[in-house]
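Undergrad: Before we start, here is the structure in question, set down as structure tokens.
The values are calculated or read from the model by the stated rules, or taken from the named source; none is laboratory data. Owing to the predicted nature of the structure, the values given are computational and were not obtained by experimental measurement. Cβ placement follows ideal geometry from the backbone for every residue including glycine, while neighbour counts extend to all protein chains displayed.
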Amino acid sequence: MQNFKIKETLLLLGFMLVSLNIFSLKKDYICSKHNHKASFEYFFCDVCSSTTGGGGFGLGTLNNASFVGVRFVFSSFESKDGIFTNSPTTKENFNTYQLWGRVPISEYFYLSAILPYQDLNRKFDDRSETLSGFGDASIMGWYKLKLLKKATKKKGEFVTIKEKSNHNLEFGLGVKLPTGKFEELLTDRVNPGFQVGTGSTDFIFGISHIYNMNNFGLNNSLTYYLKTKNKNDYRFGNQFSYGSNLFYSFTNEKFNFMPFIGLSGNVYENIEQFDETIPDTDGTVFNGTLGTEISTKNFIIGANYTLPISHNLFGGDVTPKESFSLYLNFSL
């Protein structure tokens, strides 16, 4: 069994390396939980490799077995095309196609990896722009902290056996690689997040708490993205993401149906270039989310929809709109 897990780990890492090599060879082509008692978990990642379309949209189930899956994420924004109050606006659509997987190393540790492909477009009053290519790949390790119930020793018992509690606590550490192409020319626009990649190596720190009671469950998560400079001496602001979801499981012998509702948000720090802070490039977004998923022994199908409740990005010049995600995971 241990050798099998090692082979799965090598397979996942090999997939990442091969994908990155393919990206390097083709860079000139790139243009301007489950066991019917599911635990609802997150994989934190930069969806659009940008400051506005960044992490926090990691909703999805990572089952307790190994899997490989595909996920589609759509996000939309509106940005002012100018500095005046009556300036025209641009409509921006971020389409992300992800290949992701999870491999357990042991009972308390697992690895997750993701490779995105970006297809971005925006429309002006008189023209349109498109941008596509591989985004920034991520790999993350998670440690599960074993939480037990308080021991209660009954009269006459010589050995006290502690039971597993309804709480699960996980700590994550990961890295986002600069596999996506960064174009400095695009940073002069109102929304500099219109990029397939950041061009920087960033670090991800996460913590997730899951509570299950009968068929109800509550998931709370915190993630911090520590971002570094790229070769253009440009650094997207650090990012803090949070989320909380309440879910309910309808389970029978063949499948598990789990609808959920939740709240999430992102806090972005200012962008820096040549060690100077660019004003009005920070912001916040607070979202509401609805979603559901259906899982069987061999696969999981899921969808979720996110709508901003309040926001303030780039001094109000960038307005986040609706987002949604669809995913399909297969057990290995």
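Undergrad: Name the strands (runs of 3 or more DSSP E) wholly inside the stretch 71-144 in which the number of residues that are more than 26 Å from residue 179 (Cα to Cα) is 3 or more. Before the answer, list the steps.
TA: Values: elements: 89-106, 109-123, 128-134.
Hits in the stretch 71-144: 89-106.
Undergrad: For residues in the stretch 284-305 being buried (at least 19 other Cβ atoms within 10 Å of the Cβ) and touching a Pro at 6+ places or on another chain (Cβ under 9 Å), which is modelled with the lowest pLDDT?
TA: Residues of the stretch 284-305 buried (at least 19 other Cβ atoms within 10 Å of the Cβ): 285, 287, 289, 291, 293, 295, 300, 302, 304.
Those left that are additionally touching a Pro at 6+ places or on another chain (Cβ under 9 Å): 285, 287, 291, 293.
On the way: 285: 94, 287: 95, 291: 92, 293: 88.
This residue is 293.
Undergrad: Which of the numbered conditions does residue 239 fail, given that it passes all the others? Conditions: (1) in contact with a strand residue (DSSP E or B) (Cβ under 7 Å, 6 or more places away or on another chain); (2) more than 21 Å from residue 173 (Cα to Cα); (3) modelled with pLDDT of 90 or more.
TA: So residue 239 meets the others, but not (2).
Undergrad: Something else about it: Looking at the stretch 306-325, which of the residues that are within 11 Å of residue 285 (Cα to Cα) and polar (S, T, N, Q) is modelled with the lowest pLDDT?
TA: Once the filter is applied, the top-ranked residue is 319.
Undergrad: Could you go through the stretch 316-323 and let me know if any residue there is among the hydroxyl-bearing types (Ser, Thr, Tyr) and surrounded by fewer than 16 Cβ atoms within 10 Å (Cβ to Cβ).
TA: Initial filter on the stretch 316-323 (among the hydroxyl-bearing types (Ser, Thr, Tyr)): 319, 323.
Filter once more, keeping what is surrounded by fewer than 16 Cβ atoms within 10 Å (Cβ to Cβ): none.
For the stretch 316-323, residues among the hydroxyl-bearing types (Ser, Thr, Tyr) and surrounded by fewer than 16 Cβ atoms within 10 Å (Cβ to Cβ): absent.
Undergrad: Taking the stretch 130-162 on its own, how many of its residues are at pLDDT 90 or above, out of contact with any Ser or Thr (no Cβ under 8 Å at 6 or more places or on another chain) and more than 30 Å from residue 210 (Cβ to Cβ)?
TA: So the answer is 3.
Undergrad: Please determine, by comparing only the residues of the stretch 201-232 that are modelled with pLDDT of 90 or more and out of contact with any strand residue (DSSP E or B) (no Cβ under 7 Å at 6 or more places or on another chain), which one is surrounded by the most Cβ atoms within 10 Å (Cβ to Cβ).
TA: Per the criteria, the residue is 230.
Undergrad: Within the bounds of the stretch 38-46, is there any residue that is within 12 Å of the chain's Cα centre (by Cα), at pLDDT below 70, part of a strand (DSSP E or B) and hydroxyl-bearing (Ser, Thr, Tyr)? Give the steps one after another, and end with the answer.
TA: Step one: of the stretch 38-46, the residues within 12 Å of the chain's Cα centre (by Cα) are 41-46.
In the following step, the residues that additionally are at pLDDT below 70 were identified as 41-46.
If we keep only those that are part of a strand (DSSP E or B) as well, we get 42.
Okay, now just the ones that are also hydroxyl-bearing (Ser, Thr, Tyr), so 42.
Looking for residues that are within 12 Å of the chain's Cα centre (by Cα), at pLDDT below 70, part of a strand (DSSP E or B) and hydroxyl-bearing (Ser, Thr, Tyr), one finds at least one in the stretch 38-46, hence yes.
Undergrad: Turning to a different aspect of this structure: Give me a count of the residues in the stretch 102-131 that are acidic (Asp, Glu), closer than 30 Å to residue 299 by Cβ and over 21 Å from the mean Cα position of the chain (by Cα).
TA: Filtering the stretch 102-131 for residues acidic (Asp, Glu) gives 107, 119, 125-126, 129.
Within this subset, residues satisfying the condition of being closer than 30 Å to residue 299 by Cβ are 107, 119.
Retained after the next criterion (residues that are over 21 Å from the mean Cα position of the chain (by Cα)): 107.
So the count comes out to 1.
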